[in-house]
Amino acid sequence: MSRFRIFAALPLLAVLAAPAASQPDPPNRDTPQTPEPVATTSKLRTFLEQIDRVLVTRQRSLAPIAIEAGGTLTVSGIGAFEPGLESQRLLGLRIDLDAPGLEPEERVAYLDLHEVEALLRGMANLALVAAEEGGGLETEARILTLEGFGLGVWMHQGTTRYQIRGGAEGHIVGHVSRENFTKLKKQIETARDLLFNGAPTQ
């Protein structure tokens, strides 16, 4: 090693030899990081479950949709507010699932407005997946909302099934026909629009 390189290395060695107390403690990579809690309840439900406050809800339900093998699904537009604070109301949808295998507390799901928009986009994409017929492969696609309500499509060997999902885990609770899947999408659009535009027409 040349003399220049020896002298140039001395300041670095001095830094490395400095007492450890003068250096900040490195982060402990072995300490598990606490993940941020994942929300499982809509803002609308949280608002409605408050106590010691007067809460007003206004709701309009559309015609129930039959679920194959028994049960119904009902879509309702809902607004909630405190008296005198109508301008701060929360808007969204309520989904009532009367389906076998669901506990009473799992039969109602609330969707905030942003979830409604995401659900409608998802339903449009599910229809596109169904139109492709799976390319001959067993294919399943689904979308779930925060409180477990969801929809899906399953295809295999020329058979297409439209799923209704519910409960905390979003499991399959029934199926609907293609016509009722399309009707459900239209009802969700109608219920959303009625939140802003007045009384329903169907």
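A short reminder: the numbers here are calculations on the coordinates, not readings from a lab. What you are looking at is a predicted structure, and each value in this text was computed from that prediction instead of being measured. Note that we place each Cβ from the backbone using ideal geometry, even for glycine, and neighbour counts take in every protein chain shown.
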Mean Cα-pair separation over length for the stretch 43-197, i.e. relative contact order, pairs under 8 Å, 6 or more apart, %: 20 percent
Gyration tensor (Cα) of the stretch 43-197, equivalent ellipsoid semi-axes in angstrom: 30, 16, 13
Sorted peptide list for 95-101, 131-137, criterion being average Cβ within 10 angstrom, highest first: 95-101, 131-137
Formal net charge of residues neighbouring residue 65 (Cβ-Cβ distance under 13 Å; K, R +1; D, E -1): 0
Peptides 52-58, 80-86 ordered by average Cβ neighbours within 10 Å, highest first: 80-86, 52-58
Residue 193 paired with residue 60, simple spin-label distance in nm, labels 7 Å along Cα-to-beta-carbon: 1.2 nm
Cβ crowding within 10 Å averaged over residues, with 64-70, 165-171 ranked highest first: 165-171, 64-70
